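This report concerns only the one structure given below.
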Amino acid sequence: RTGTNERYVREWLANQAAGSYVTLDVATGRYSLSPEQAMALAQEDSAVFLPGAFQILEAMWRAEPRILENFRTGAGLPWTEQDRSLFEGTERFFKPGYATHLEKEWIPSLEGVEAKLRVGARVADVGCGHGASTLIMAKAYPNSTFRGFDFHPESIETARKRAAAAKVGDRVRFEVAAATDFPGRDYDLVTHFDCLHDLPDPVAAGKRAREVLSPDGSWMIVEPFAGDSVAENLNPVGRVFYAASTMVCVPNSLAFHGAALGAQAGETRIGEVAREAGFARFRRATQTPFNLVFEARA
């Protein structure tokens, strides 16, 4: 049936084909997704799923008037005052990487952590957002217990619903708390996934991690991939992360008169944070094209 709605859809499909997001079969006039296009645009569990990035862009556009004024005044924009598309988009952007690498590569790259998790460890996931990283770990290590903390109440509410849906609520708790005063003691592992650079005081967050870790515990810091200088980050990945940093990361830190590390802080600067926080050992454990994974120990 040809109707007004179909005309809209066909015009939209033509636009998508012109941008190579879908494929047009000229002989039949039919549109389809190639396997590669489907991996990037339609399969949420794919390691290269991208629509989360589009949601982050939506939040950036909505924040543009506020950020423009901030360029004049030096003020900030708290994460909690961003459009909700940012919260959803951030999880959808990073979750595929976590699902692909966290259990298979990142945790095994840490010193003795995987063995502890398999037997039964205590984990604090700080800045957990909607809880994607927390729940991936909880499913992978059923003998361990996990507490996720975030200062954004709406995100914690969402995380709790997802824990209930995943049927891991007996081992996972989500609570509203800041990175500098989250509760608990004697954790075997404290994690910060793609959030340390956003914080007003990364060193204070590191000190809190140091305080609540067991004597042989590990602090796992997952950060956006970056070199130590702007020159090293003049590439497609740096372009993406500098954009997000300008519109989201730095504004959140500046809203609290913070350090404003930014999403391209690099290994040297993150190492300085860890040492200032009281950790004697710091190393790059592993990496992907989008993330650096660090381990800090007492």
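Would you check which residues across the range 281-290 are open to solvent by 80 Å² or more (accessible area, probe 1.4 Å) and either in contact with a strand residue (DSSP E or B) (Cβ under 8 Å, 6 or more places away or on another chain) or of a type in the set (Gly, Ala, Ser) (or both) and list them?
Listed by number, the residues that qualify are ARG281, ARG284, GLN287, PHE290.
Name the single residue that is farthest from MET247 (Cα to Cα) among those in the range 29-62 being open to solvent by 80 Å² or more (accessible area, probe 1.4 Å) and in contact (Cβ under 8 Å) with a residue 40 or more places away in the chain.
Going through the qualifying residues, I end up with ASP45.
Out of GLY266, GLY227, report the one residue that is farther than 26 Å from PHE182 by Cα and more than 14 Å from the chain's Cα centre (by Cα).
GLY227
So which helices (runs of 4 or more DSSP H) are wholly in the range 25-108 and hold at least 1 residues that are in contact with a helix residue (DSSP H, G or I) (Cβ under 6 Å, 6 or more places away or on another chain)?
51-73, 84-101
Being at pLDDT 95 or above and open to solvent by 20 Å² or more (accessible area, probe 1.4 Å) narrows it down to one of ALA159, ALA132, ALA166, so name that one.
Being at pLDDT 95 or above and open to solvent by 20 Å² or more (accessible area, probe 1.4 Å) holds for just one of ALA159, ALA132, ALA166, which is ALA166.
Looking for whichever is open to solvent by less than 10 Å² (accessible area, probe 1.4 Å), modelled with pLDDT of 95 or more and not β-branched (Val, Ile, Thr) here; the options are PRO215, PRO224. Which one fits?
Exactly one residue qualifies, and that residue is PRO224.
The values are calculated or read from the model by the stated rules, or taken from the named source; none is laboratory data. Here the structure is a predicted model, which means the values were calculated and not measured. Glycine gets a Cβ as well: all are built from the backbone with ideal geometry, and neighbour counts include every protein chain shown. Remember, those area values only see protein heavy atoms, side chains included, never the ligands or the DNA or RNA. Shrake-Rupley method; radii C 1.70, N 1.55, O 1.52, S 1.80 Å.
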